[in-house]
Structure formats: C-alpha cells, structure tokens
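Take a look at the structure set out below.
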Amino acid sequence: MYQNLSSDEILNKLAQIAADPYERAKEWKMETGSKIIGCYIMHFPEELLHAAGVLPIVLQVKEEPITTGHAYYPAYFCGPTRSIVDQAAKGELDFLDGFVGGDYCIQAVGGAEVVGNLLPKVSNMFFRLPVGNQPWTHGDIVQGLEELKRDIERFADKKISDEDILKSIRIYNKNRCLIREIYELKSVHPSLLTSSDMLSIIKSSMVMPKEEHNEILESLLPKLQSKKETIKEEGVRVFLSGSFCGAPKNEILELVEQSGAVVVGDDLFHGYRYISDNIAEDREPLEAIAAHYIDKNTNVPCPTRCDPKTDWPQYLVDSMRKYKADQLVIVMAQFCEPHMFFYPDIKDAMQEAGIPHLLLEISHELDSIETIKTRLEAFVEMAV
Amino acid sequence: MAVQEAKRANRLKSGKLVNKLVNEYWEDLINAKKTGKKVVYTTGLPIGPFMAAQDMAWIHGEGYGARVAARHEEKEPQTFAENKGFNRELCSYARTQMGCAMFAELGVPDDLNPGPIATEIPAPDAIVTCYPGCSTGPQWDWAIERVFGKKIPWFNVVIPYHMGRNGSTYMKGEEFEENVKYVVRQFEDLIKFLEVVSGKPYNWDKFQELMGVTKKVGKLRMEAMELCKAKPAPASFFDWSIQIAPVNYLTAWPGTVEAMQAVKDEVQERLDNGVSAVPNEKYRIFWEGIMNWNKLGWMADKFASYDATVVAGRYTHMAFWHEPDTIDPEHPLRGIAINHLECQLNLGYPITEERMMTLSKDYSIDGIVFHGARTCRSFSRSHFLLAENLNKKMGIQSTSFEGDMVDDSFYKEELVNTRIEALIESLEAQKSRG
Ligand code: SF4
Ligand code: SF4
C-alpha cells in the first residue's frame, strides 16, 4: 500500500500519525477488538506486552497547554508527566484498557499514581526495573519482568509462551534495525531528512503496530536510498542530546535547522536511544530482555539507570567525533532531575574536549521561545 | 474571622538532650579520619547501624543538608553548586551536599566564604544509597561518586516501590513479601561490601545490639507520639521534627534511648498536668510534606497564634522506625527492610491515602497543611490527590503552599500567611456550623 507513495508522501503519513498519536491505536482496537496498554513513557518491555496479543503504545506528550491537569499535578513537575496527567484528566486516555507505570523516575511514578486515580477502570500495572549494574542486577531485572509477565497474563487472560515473546522480539528488532538504517543514511546525508521527519518516524513507531510500521519503513528505505544522491549537504553539523520522556517539540527542531544547522545524530529517547540496540534472539527471552536493558544503556547511557559503569558525558564526546559534529545542542525538559544532575558533568566534558554546547531548558508551555530562537541563532552562527 | 494573637508554641524542653547528641555526632564525624575511621556517605533512610557495627563513621546526606541549613551555612555550598551547573530546581539537600562535597574535593573558591560544617566534613571512603520512593536519591549519590573521580566504591540498595499490586496493602500481600525478601538479600550483600571496605569480618554481635537500641528508641518515640492523640495534644509535629535525629542519622547512637525516654517522660508529665503544646488548642492540623527547616520555629509559633496544634505529619509519623515491633534484634534484616519499604515516600497512592485517613482519625484531625516542598517532588507528588480525596471521603479541609527543605528562596511568607489564615477561617466556620 505504501509502495506507490513517494518518500515525502510516506513521511507525511507518518507525521500525521505522530501528530495525533492515539488515533491509529484506536482504529486498531476497532479493527481487532483487542486491548491497548499505554506505557508511562521510557523503559518498558514492549515486546513482552506485545507477546500477550495486546498493543503497547508509548504515551506521548501533547503540544497543547496543560489545563485540567493542573488540578492533579503541581506545575513544578516536568512537562511530560504533567501532559499525560492532563490527557487523563481530559478523558483523552479513556481508550486505554491498561497502562504500565515504572520506577525509573519519581516524577513518572507520581504521574502514574495520578493517572491510576483518574482512570479507575483502566488496569493499572507496574514494571519494576532495578537500577545499577551489579552482578545481581541482571537477575533482578528478570524478576521484575516475571512479575510484569504474570500481571499481563492476568490482564490479557492469556499465557505468554517463550515462543510468543521471541516472535515479538523479532518484530521489534526488525523495527529497530530499519530505523537504524535510516539513521545511518541521515548521518552521512543529514539533509536527506529533517529532524522533524526523524521524530515522526520514531514517534509513529511508538504508537502503532510495529508490524505495520515495519512495512512502511520497508517501503520508505529504498526511496530514501535513491534520493540521497540528489541531496546537497550544507549547514553546521549539530548533535542533539537529552529530552527524555517527551519528544522535543517540532518548533524547537525547526528552529535548530532554521538557524543554519543540520542534525547529524542524537541520543533522544524519541530518537536513537529508542532503537540503539537489538534484543538477543538466541537466549531465553526474559533473560535476553533483561540483558538488553543493561547493554543498551552501555550503548547510549541513560541518567535514570544509575549505572556507574556508563559515562554519558564521554559517550557524547565520542559521538560528536564519530558523527563529525561541530556543536552539541542539549534539550532539557524543565524540572527533569536526572538530566539536571548530569548537566555539570556534560558541561565540563565539553569544555575539556573543546566542543561548543548550548543548553536549552524547555518548559512545556514553551514560554521563552523567542529567547530560545535568539540563543540558537547566535550559537550556530559561532560555528559558521 | 480568625484573630491572630502573638502566642508561642510551648516546645518540649527535653529536646536539649538530643542537641547534645547531635553535636557529639558531628564532632565525631569531623574527626573521623584522625581517629582512623572510614567514612561512608549515605542517603535515604537511616542505615547508620550497618556502619556503626564496623566502627565506621557515616554521613547522611539529608541530615547534613539540614544541619548546614540549621547553622545558616547553606548559601555558600548552594551557590557553589549552582555555579558548577547544578540547577536550582534540583533537590536542595542534594545541592547543598554537592556544594560541600565539591569544597572537599575541589577546594573553596576565593569568592566564597563557607562556614565550618560545610567544609570540614571528610571525603568518603564508600557510598551507600538506600533510598525509598525517590529516584533522586540514587542519582544524587551517583553525582557524588562522579565528583570524587569515580573512585569511591558505591553500593546501592534498591528499595522497590510498594505500589499495592494485586491487592497488596500496608505490610501485607504478595508484592510486600516479595519486596521484603528482595531487600533482605541486598542487605546481605551490603554487609559483604562493608566487610571489604572496613577490611574486617562483620561484627554481628554489635549490629544486633545496635538494632536492639534502635527498636527501643523507635518504640519510645512512637509511644510518645501516640500520647498526643489526647486533646489538647501535649506536643506537636514541630517537636517531633526537632527530635528526628535519634531515629534518623543518629539511629542507635549512644544516649539515644535516654534522650527519647526523657522526651516521652516529658510528654507524659505534660499530659498528667494538662499542659499542651499550644496554649488554647482549638484546631488540630496534619502537616503533609517534608519540613521547611529554615521556618520550623516560625511555623510552630504561627500555628500556636491561631490556637492550632499541628499534631501529626506524614514525615514524622510514617517513617523512621515507625514499625519498631517488626524488628527482631537477633535477626534484624527483615525488620529493617519492612521499616524502609513501608515508609511514607515508598508507598503507592492508595496505600498512602489509607494510612493518612487512619492517622487523621486517630489524631482527630480538622485540617491539613500541604507543604509542597518545591525541590522534593517525591513528597509533593500525591498532594493534590490527597487534598481532594481526604476532603471527599472525610470532609477534611486543607490548604497548601510552596516552600522547600533548605532553600528558602522558594518560600513566600505573605502567601503562606494568607493560606494559613484562610484554612483557619474555614475551620472556624465549620466548627461554628457544628
Ligand atoms: S526522566 Fe525527566 S522527563 Fe522523564 S519523567 Fe523524569 S523528570 Fe520527567
Ligand atoms: S527529592 Fe526529597 S525524597 Fe528525593 S532525595 Fe531529595 S529530599 Fe529525598
């Protein structure tokens, strides 16, 4: 169905899905009569949920200002968690049959508690993902996965076999491989896709059936391959970092590019972080998923994982070199504690490596967009 | 209309004994290296006895932040941390300790003139995290580990959040039991870790003895607090906040049993003689949130002047060895795990609400003050839900204001005054309606 569309048409389609992120899932529910589980953003074993025959989606921040949600979650909590609380308060998440919260961040814990209260009919589950990287951490993550598996089986009224999980892992691995191929293309030909295009690709992957997303990407990839020859490269090469649970707003991404930069790589959760690594297909599946949590964090370190064997600032320095990036733009959600704890180290590492960086602390309401624009322009100008 | 006269809270006098112990503890810590003791940095719930058994010194990050603030020395470390890039929206305890840690590691910059407590604390030989219900805790310790050049061994006891899955409730159910086992196993590994750091086999006899002390002190405190179910209450939440050290970083410190016994005796004596914490108690308030340490005395008098006793609080009544009977000094790990798992911050919302409703009944609460500590989001995460549901289910009125633990820049006195006044007025109206 996508074979006959041009790459731009396919990207438009993905952008539409991403812009109205729950519509495709709702249609799927109508078509299949099956259940939907919302994941309270980062670090969830979607494969395990998928294996139960349900559709896991990653809940998305909405661009609209928070209104009803103000009554349920204080204004000094991060935008991503407040936005989801707001959606629940407005009834926009009523289509969910279940949702899974996690303990990777206290603001996400609190947000999920509020959502649980606002959606009493929705099955409220939890994924315990122990932090750190000690000899026993892998086994502890397996235990957390087993607890979730037990709860999902009750929820879906279905026993999940190892074969089911493996099948799901294969589908998800394929998706990650395809997106990584697009990343590779973009790093060599950064103007081939805008960063908003990349965001649409990832975001749509988070909110629709992966099988279908794989099909779309299989149509898109060859079209991008052939298009790359016609692309003229220009602009200051920028690496984009941060922005955990919430995707950076399109407005910010556009400003980066309008300032004269091209994005050559990123470690965004709505970006490379989401697809950086595959899950082994030749191990016992829960063990493989648990190992994946440790390995992918070595690939792209996450400050919520508290793994002292990882070094996020050094990873950034290395990535800058790998992608021949000139500058680092850090997008930090206002009030994001894990990110705030790391900024001083990143700042020092960049200064030591002689890499210019710009920190943009972004409020959900984007109240300082003009200042952001001026700062970005002045920053990119420096490298021209 | 509520009339505010200048009345003062009648604070417990026996608190002075605790001050003496606090001073001894800090003196000991400052001199730890000189006396050949290893120093362990900790955050989270009180795990001092684990180290004390090995004759190691420990410093508790939050206790340290509060101490620095109590000595009015917090501005310099906070400024230093901010200059280094630590955002002022980060947990103010963490920022304060980070500033001090950086003084220790990087030296004091010329333009700052920090006080002694902020600069005299020794660098760590190990870091042990044991944080319930807040991801900021381990992230803060990780930041400390990085400040000291990633060379300090770090042990993180992961305390799993007790959400209340599949019908598990307070101290009951499958999830609770699984969590207890999981924490006990980590404590066993912590002990092995401490053996390595201290270079000697673990002193179980001493540990068991210290946990016996902990149990006694915990029991005395809970009993003393329970005496305040009486009307009028002989002591207030502010007293219990001031007396927190013996069940917090001073856990099992020599002299804590005597100090807490003296506190309990004084409360009993007051009760026998009809002496109350607030001269003319009309309203009974629950304090929801962590303490605003810079404002403790001011707050105590403020409520007293409205004839309101702040009788209980989640901070004081739902943590810090609040379940002493679960501790078996002969086999202490399970009891420690239970106290840590079932503390205020680590409970899922429905369990928290149920506990708060029970306390509100037990202490005959009329109104709740929600102190939204701006940089302690773990505490304030459930405030709006609690306010709504406790009003709906029990008719309890409340007010809220923003403040902080040790960063008074988040605190707006005018607003606090208006909010407290409004709460008292509505309580007055409710009482007059009968
Ligand atoms: S990691 Fe950051 S963005 Fe995500 S929930 Fe926590 S504070 Fe919010
Ligand atoms: S935010 Fe609150 S609970 Fe978390 S580490 Fe700081 S003081 Fe502790």
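Quick one: in region B:13-433, what % of C-alpha pairs are over 36 Å apart? I get 23 percent for the Cα pairs in region B:13-433 exceeding 36 Å. Considering only the Cα atoms of region B:3-75, their convex hull presents on average a projected area of 7.6 nm².
Shape summary of region B:1-140, radius of gyration then Dmax from alpha carbon positions: 17.1, 62 Å. If you bin all the Cα-Cα distances of region A:15-165 at 5 Å, starting from zero, the percentages per bin are 2, 9, 18, 21, 20, 15, 10, 4, 1, 0. As a fraction of the 1.4 Å probe accessible area of region B:13-433, surface on carbon and sulfur atoms comes out at 51 percent. What the pair-distance distribution of chain A shows, using all Cα-Cα distances binned every 10 Å from zero, is 5, 24, 34, 27, 9, 1 percent. Relative to the longest principal axis of the Cα atoms of chain B, the long axis of helix B:383-394 makes an angle of roughly 40 degrees.
Taking a sphere under 14 Å around the Cβ of residue B:27 and counting the other residues whose Cβ falls inside, with K and R at +1 and D and E at -1, yields a net charge of +3. Coupling constants for region A:269-276 follow from the phi torsions by the Karplus curve (6.51 cos²θ - 1.76 cosθ + 1.60, θ = phi - 60°), and in residue order they are 5, 7, x, 4, 4, 6, 10, 5 Hz; glycine and proline get x. When the surface is traced with a 1.4 Å probe over the full set of protein chains, residue A:374 keeps roughly 90 Å² accessible. The GluC sites (Glu not before Pro) found in region B:1-108 that occupy coil by DSSP, while having at most 15 further C-beta atoms within 10 Å, are B:5. Accessible surface area normalised per residue over region A:167-208 is 28 Å², counting heavy atoms of protein chains with a 1.4 Å rolling probe. Percent of Cα-Cα pairs more than 17 Å apart in region B:218-286, please. I get 40 percent for the Cα pairs in region B:218-286 exceeding 17 Å. Binning the C-alpha pair distances of region A:206-257 at 10 Å intervals from 0 yields a P(r) profile of 17, 28, 47, 8 %, listed from the shortest bin outward.
Shown are A:5, B:385, whose ranking by accessible area with a 1.4 Å probe and every protein chain present, most to least, is A:5, B:385. In percent, rounded to a whole number, the relative contact order of chain B is 20, using alpha-carbon pairs under 8 Å and six or more apart. One chain, two ends: residue B:120 and residue B:429. Fully extended at 0.36 nm per residue, the span grows by 106.0 nm beyond their Cα-Cα distance. Backbone phi angles across region B:32-40, fed through the Karplus curve with coefficients 6.51, -1.76 and 1.60 (θ = phi - 60°), yield HN-Hα couplings of 3, 5, 4, 8, x, 8, 6, 10, 10 Hz in residue order; Gly and Pro are listed as x. Average accessible surface for region B:13-433: 33 Å² per residue, computed with a 1.4 Å probe over protein heavy atoms with every protein chain in place. Using Cα atoms only, what is the angle between the long axis of helix B:413-433 and the major principal axis of chain B, expressed in degrees (0 to 90) to the nearest 10? In chain B, helix B:413-433 runs at an angle near 40 degrees to the longest axis.
Counting every alpha-carbon pair across region B:92-161, the share separated by more than 17 Å comes to 45%. Each other residue within a Cβ distance under 12 Å of residue A:254 adds +1 if Lys or Arg and -1 if Asp or Glu, for a net charge of -1. Averaged over all directions, how much area does the convex hull of the C-alpha atoms of region B:297-434 cover when projected, in nm²? Here the figure is 9.5 nm², rounded to one decimal.
Across region B:348-363, coupling constants 3J(HN,Hα) worked out from phi with the 6.51/-1.76/1.60 Karplus curve, θ = phi - 60°, read x, 4, x, 5, 4, 4, 4, 5, 5, 5, 4, 4, 4, 5, 4, 9 Hz, and Gly and Pro carry x. With the biggest extent put first, the Cα atoms of region B:312-390 measure 43, 30, 19 Å across the principal axes. Structure note, pairs A:322/A:347; B:16/B:216; A:13/A:35; B:20/B:282: Cα-Cα distances above 22 angstrom occur for A:13/A:35; B:20/B:282.
On C-alpha positions alone, give me the angle between the axis of helix A:369-383 and the longest principal axis of chain A, in degrees, nearest 10. In chain A, helix A:369-383 runs at an angle near 50 degrees to the longest axis. Normalised Debye scattering of region B:100-243 at q = 0.10, 0.13, 0.19 Å⁻¹ gives log10 I(q)/I(0) of -0.60, -0.96, -1.25, counting only Cα atoms as equal scatterers and leaving out solvent.
Burial here means at least 40 square angstrom less accessible surface with every protein chain in place than with the chain by itself, probed at 1.4 Å; in region A:117-134 the buried residues are A:117, A:126, A:128, A:131, A:134. Computed in the context of the full set of protein chains, the accessible area of region A:32-160 at 1.4 Å probe radius has 52% of its extent on carbon or sulfur. Buried between A and B is an accessible area of approximately 4500 Å², summed over both sides with a 1.4 Å probe. Rounded to the nearest 500, the 222 nm mean residue ellipticity of chain A from helices alone is -16500 deg cm²/dmol, with -39,500 (n - 2.57) taken per DSSP H run of at least 4 residues. Distant-in-sequence amide contacts of residue B:397, defined by a placed amide H-H separation under 5 Å and a gap of 5 or more residues or a different chain, comprise B:368. Amide H to amide H distances under 5 Å link residue A:41 with A:59, where only residues 5 or more positions off or on other chains count and H is placed in the peptide plane. Burial annotation for region B:347-378: residues with an accessible-area loss of at least 50 Å² between the isolated chain and the complete set of protein chains, computed on heavy atoms with a 1.4 Å probe, are B:377. Secondary structure note: in chain B, about 5% of the DSSP beta bridges are antiparallel. Interface burial in region B:123-154, defined as at least 30 Å² less accessible area with all protein chains than with the chain alone at a 1.4 Å probe, covers B:135, B:136, B:139, B:142, B:146, B:150, B:154. Working note: Debye formula, equal point scatterers on the alpha-carbon atoms of the protein assembly as shown, no solvent; log10 I(q)/I(0) at q = 0.06, 0.08, 0.11 Å⁻¹ is -0.39, -0.70, -1.30. Region A:109-200 gives an Rg/Rh value of 1.10, both radii derived from C-alpha positions and Rh following Kirkwood.
Here the relative contact order of chain A, from alpha carbon pairs under 8 Å that lie six or more residues apart, stands at 18 percent.
FRET efficiency for the residue B:24 to residue B:421 pair, using the beta carbon distance and R₀ = 35 Å, is estimated at 0.25.
The values are calculated or read from the model by the stated rules, or taken from the named source; none is laboratory data. The model shown is predicted, which means the values in this text are computed figures rather than measured ones. Here the Cβ is made from the backbone with ideal geometry for all residues, glycine too, and neighbour counts use every protein chain on show. Keep in mind that these areas ignore ligands, DNA and RNA; they rest on the heavy atoms of the full protein, side chains included. Shrake-Rupley method; radii C 1.70, N 1.55, O 1.52, S 1.80 Å.
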